[in-house]
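Colleague: Quick one: the structure is below, and I'll ask about it shortly.
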Amino acid sequence: MSHARPCGRTRRRRAGFANAGALAVMLVVALLAAWLGSRHGEGQAHSRRDAARTQVQDIAQALHAYRADTGSYPSTEQGLIALWFHPRDEADWRGPYLARPALRDPWGRPFVYRCPGTDGTDFDLLSEGMDGRTDAEPIGDDIAYRPPSDALTVQAAAGASAD
């Protein structure tokens, strides 16, 4: 007795099913990889924002130390490099004021520094964030130095004198 197979149709159906199963598995793996990649990207962006905040605070402290020594903040023209290299016209400079010149943000762009600052502040110091643009509104992704509020300083002084 011979067991002959009917024209090979069974093989084709099974092969087609195997290909569809493999395609489904590849689709699930691709979706999982895309999801994990986006989660990693979000974490990396968050880390860069945190690093930029830390750098902005460190540079602001260095600017305040520079002012304590010289009597003024570096001009916009002098820039942040004055925290690292001695400007020729500053006799009382006692720097460097930074352990290393952190003049670029975590995205590789220079920090924005202006002196005097806008809105009556002593200086503006910011990282333009991931998009590389200075946003007109504070809800953008810029990371800017905000000087302590005068009201908070007055309250802290009043609390200290009451003790």
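The values are calculated or read from the model by the stated rules, or taken from the named source; none is laboratory data. All values derive from a computational prediction rather than experimental measurement. Counting neighbours? That spans all protein chains shown, and the Cβs are built from the backbone with ideal geometry, glycine included.
Colleague: Taking the criterion of being modelled with pLDDT of 75 or more and more than 26 Å from ALA144 (Cα to Cα), would at least one residue in region 49-61 satisfy it?
Modeller: No, there is no match, as no residue in region 49-61 is modelled with pLDDT of 75 or more and more than 26 Å from ALA144 (Cα to Cα).
Colleague: Name the single residue, out of those in region 92-109 being out of contact with any helix residue (DSSP H, G or I) (no Cβ under 8 Å at 6 or more places or on another chain) and at negative phi, that is modelled with the highest pLDDT.
Modeller: ARG109
Colleague: Which condition from (1) in a helix (DSSP H, G or I); (2) in contact with a Gly (Cβ under 8 Å, 6 or more places away or on another chain); (3) closer than 21 Å to ILE143 by Cα; (4) of a type outside the set (D, E, K, R) is the one that TYR113 breaks?
Modeller: It fails just one condition, (1).
Colleague: Let me ask something additional. Looking only at residues in region 125-163 that are buried (at least 18 other Cβ atoms within 10 Å of the Cβ) and charged (D, E, K, R), which one is modelled with the lowest pLDDT?
Modeller: Once the filter is applied, the top-ranked residue is ASP142.
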